[in-house]
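The values are calculated or read from the model by the stated rules, or taken from the named source; none is laboratory data. This one's a predicted model, so the numbers in the text were calculated from it and none came from an experiment. Note: ideal-geometry Cβ built from the backbone for every residue, glycine included; neighbour counts use all protein chains shown.
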Amino acid sequence: MKSEKITKLVLVIASVVILLIFAGMAYSMIKGAIPAFKEFGLFRFILSTEWDPTEGKESYGAMPFIAGTVITSLLALIICFPLAFSTSLFIAEYFRKTKIATVLSTLVDLLAGVPSIVYGLWGFYTLRPLIAELGYAGQGYGIFTSGLILAIMIIPYATSISNEIISMVPNELKEAAYSLGATRMEVIFSVILPNARSGLVAGYILALGRALGETMAVTMLIGNANIIPKGLFSPGNTMASVIANQFGEADGIKLSALIAIGLLLFAVTAIVNFIGKIIIRKYA
Amino acid sequence: MSDKILQITNPVLSISNLSIAYGKKDKLAVKDVSADVKRNNITAIMGPSGCGKSTLLRAINRMHELYPNIHTEGEIKLNGETIYEMSTSKLRRKIGMVFQRPNPFPTMSIYENVIAGYDLNGSKLKKNEKDEIVETSLHDVGLFEEVKDSLNKKGNFLSGGQQQRLCIARALAFKPEVILMDEPTSALDPLSTAKIEDLLVELKVHYSIILVTHNMSQAARISDNAMFMYLGELVEYDKTKTMFTNPKDPRTEGYLTGKFG
Amino acid sequence: MEKALINKNEGSNWRELKNKLFFGLVIVLSGITIMPILLIVYKLLSKGLRQINLDFFFKVAPDTLQAMSAVQSGEIIPGGIANGITGTLLMVAVASLIAIPVSILIGIFLYENPGKKYASLIRNLTDILQGVPSVVLGLIAYFWIVKGVTNGFSALAGSVALSIMMLPLIIRSTEETMKMIPVSIKEAGAALGVPYHRIIFKIMIPSGFSGLMTGILLSISRVLGETAPLMLTTLGNRAINFNITKPTSAVPLQIWEFYNNPNMIDLVWSSSLFLVGFVLTLNIIAKRISTKYS
């Protein structure tokens, strides 16, 4: 009996580690961000589009990076959706439980294993020149290139969740529609999609959460301009990429501004992920 | 006491006024049960699903305490000693248990499974002592000849019936006073079931067996005494023959004649 | 829904055609989806393979001058990434030592307390932690370790960042693994009077061993390629270093350095090939173990 109590106590103490990590994270980030918030004001810091490190008239605002993050991530989601959804239909519906579906899903899984920096390299040496040839983006850096590489990076996450959701749609429902003379495509749109909708939404929200925080590949492709992007092919910066880019040479108020951006990024990804998890838990 | 409850002298177990509730105190799974269990006999507990027979069985080695929010009242004595005053590990060494489905430890060999009760409780035995315990226990369940060449292999190649006999050997290794069996043949084919039933009849020479069963004919074939439970109450407890030929309570009669269950 | 389908029965040729076109679209888009991984692997093999030799594994990175003269005379670049390989192994080992024991305990805690409010708070926080961008964890480790403990960039700081990444992955896989072990196995232990901690350590953990291994290997393969948090914490090192309080190199950090140095471009591909090969091998081993188990 005594050993049971001790063991249970050890387990509870282990669980407290998670609380400590969260409390410590919040404390360190807020403490680090406070100078920037004080200097510029919380809302002005978030809304300001200025990022000027010139000594004497330093001024920092997060808006260019918030915009860059949101635009690249949404673009990634838009590009990712048709690809990931088709792949899920291939794996979990058309070729369900066949060898070729296994091969395809293994290849898609491999995408998740490629490190961010290798995506960056490949994007830099393969994608960027192709996009430069289109003629819209100068050397090929910018929002579009970053969105494209992000789309590729989140495909495995979106696909694996969609696969699960699609294969959970009961067979009886599909057979009912077939027995009424529906074609496969009609079954997909009138039975599978409505039944899988909230699960799919959650899957893409979680994929969005990944895109928001991706750092290296974006840093290497976005062009690192501290401005609100003016168009699809304009250079920009995301919250994650500006931290990676400028952390090395930052101190004082600039360091505090970068930490404040990290805090915002943390909050945004936490909220997005939490929403995704809640939807998926309700679904399951 | 009412005449529907069998009286026993020098019982191995004696249950008095036992009530068990899950969650809220007013929802009783076992209601005020009092009964004595006869030594070196097979005592069957019968009744429809949800009648509390498994809870009663689990209360005897305090396995029911693994569920959250359990309230237990009343007393159980093993050879006159109150079980709620013993440590669970001492109690469970004296009262072994066999489950519905064979559940040998998947990571252990046949040998390790039989000796698991000692090893996992930290008993330090010499190699030859262990060998002897494993051999006798496997002999006692009639499994030794079948597995003697593969003692160090994992038990997953055994048939369901063999696995269940291995689990019985694991319980016998402690030389317990009582063995609790929770529908031990419900997952087995008829042939394996017959073997286990024969085994139980042999084992009662040395052990007192309490057998929860869904299967009336099994109770009729091998038990000496039988309890009938309904909605948490012990309705009737008698010699099996008497109960099957001449039930005293109309609910027992209804169950035995297949009116519900 | 059924009504709509019946009404569409007219024009069944057009319906059939649409059905076929849609199928074609699915095939084409699925094909496009798998192109990148094939192209990436091809690129890495075609550009990186020729740099991979024994020196690559056992020598440290060359300096710019050595690399430049090799490139100019058309030879392969001398040296290798031994400082990165050893740094990566060191940091991942330390991160594992920190993360594995505590996350297995937390996973068991969650499994043992289903439906309790406090446990579900911990479960939610774990989920959120899994979504925290790695660059943010780099910032955290910078504050806690670089500023607070080692007074400078260090392997320990990198390990702490990586271990926070590993925690949620191992916690959830432990909980899921435990849920898959039949309750009757646990009960068999309890019925033999086995004490609670032995049920956990001698019965539950061995029974779920392969599931736990899968979770651990997958979490290691997740952090192996991480670059951003290391840029903020360990800085890099030209030499092989085993002192966890000193700056240390790592394979992804070296890729970043090579990428930024025009003379070292050839090394970028070989080190990326090595990194991807390492990560994917671990991934495949992990999946093998898990299919063998189930």
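A few notes on this one:
- Hey, A:Ile275 more than 10 Å from chain C (Cβ to nearest Cβ) and assigned to a helix (DSSP H, G or I) or not: yes
- Residues (of a type outside the set (Asp, Glu) and part of a helix (DSSP H, G or I)) located in region B:133-154: B:Ile133, B:Val134, B:Thr136, B:Ser137, B:Leu138, B:His139, B:Phe144, B:Val147, B:Lys148, B:Ser150
- Scan region A:171-226 for residues that are basic (Lys, Arg), within 10 Å of another protein chain (Cβ to nearest Cβ) and either farther than 23 Å from A:Trp122 by Cβ or assigned to a loop (DSSP other than H, G, I, E, B) (or both) and the total you get is 1.
Residue by residue, here is whether (1) assigned to a loop (DSSP other than H, G, I, E, B); (2) farther than 29 Å from B:His64 by Cα; (3) in contact with a Leu (Cβ under 7 Å, 6 or more places away or on another chain) holds:
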position: C:Met165; (1), (2), (3): no, yes, yes
position: C:Ile199; (1), (2), (3): no, no, no
position: C:Thr214; (1), (2), (3): no, yes, no
position: C:Leu217; (1), (2), (3): no, yes, yes
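- Considering only residues in region A:56-96 that are outside any helix (DSSP H, G or I) and within 14 Å of chain C (Cβ to nearest Cβ), the one that is surrounded by the most Cβ atoms within 10 Å (Cβ to Cβ) turns out to be A:Phe95.
- Within region A:97-112, the residues that satisfy the criterion of being surrounded by fewer than 23 Cβ atoms within 10 Å (Cβ to Cβ) and under 18 Å from A:Ile154 (Cα atoms) are A:Leu104, A:Ser105, A:Thr106, A:Leu107, A:Asp109, A:Leu110, A:Leu111, A:Ala112.
- Odd one out for C:Phe209, checked against (1) touching a residue at least 24 places away in the same chain (Cβ under 8 Å); (2) hydrophobic (A, V, I, L, M, F, W, C); (3) closer than 25 Å to C:Leu280 by Cβ: (1)
- Filter pass, C:Gly152 being away from every other protein chain (no Cβ under 12 Å) and at pLDDT 95 or above: no
- Unmet requirement for C:Thr33, which otherwise passes all of (1) surrounded by fewer than 15 Cβ atoms within 10 Å (Cβ to Cβ); (2) more than 30 Å from C:Tyr196 (Cα to Cα); (3) within 14 Å of chain A (Cβ to nearest Cβ): (1)
- In region B:1-120, counting only strands (runs of 3 or more DSSP E) that sit wholly within it, the ones holding 2 or more residues that are farther than 29 Å from C:Lys116 by Cβ and β-branched (Val, Ile, Thr) span B:28-37, B:42-46, B:95-98.
- Residue that is closer than 30 Å to C:Ile220 by Cα, of a type in the set (Ser, Thr, Tyr) and in contact with a Lys or Arg (Cβ under 9 Å, 6 or more places away or on another chain), where the choices are A:Thr87, A:Thr69, A:Thr106: A:Thr106
- Single unsatisfied condition, B:Arg170 versus (1) touching a strand residue (DSSP E or B) at 6+ places or on another chain (Cβ under 9 Å); (2) not in a helix (DSSP H, G or I): (2)
- Qualifying residue in region C:248-257 (condition: farther than 27 Å from C:Leu169 by Cβ, in contact (Cβ under 8 Å) with a residue 24 or more places away in the chain and in a helix (DSSP H, G or I)): yes
Conditions tested, residue by residue: (1) touching a Leu at 6+ places or on another chain (Cβ under 7 Å); (2) in contact (Cβ under 8 Å) with a residue 24 or more places away in the chain; (3) exposed (fewer than 15 other Cβ atoms within 10 Å of the Cβ).
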{"residue": "A:Ile165", "(1), (2), (3)": "yes, yes, no"}
{"residue": "A:Met168", "(1), (2), (3)": "no, yes, yes"}
{"residue": "A:Glu172", "(1), (2), (3)": "no, no, yes"}
{"residue": "A:Ser179", "(1), (2), (3)": "no, no, yes"}
{"residue": "A:Met185", "(1), (2), (3)": "no, no, no"}
{"residue": "A:Ser190", "(1), (2), (3)": "yes, no, no"}
{"residue": "A:Ala196", "(1), (2), (3)": "no, yes, no"}
{"residue": "A:Val201", "(1), (2), (3)": "no, yes, no"}
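- C:Ile128 vs. criteria assigned to a helix (DSSP H, G or I), farther than 30 Å from C:Pro182 by Cβ and within 13 Å of chain A (Cβ to nearest Cβ): yes
- Scoring C:Ala250 on the criteria (1) more than 10 Å from chain A (Cβ to nearest Cβ); (2) over 20 Å from C:Ser154 (Cβ atoms); (3) crowded, with 17+ Cβ neighbours inside 10 Å; (4) under 18 Å from the mean Cα position of the chain (by Cα) leaves a single failure, condition (2).
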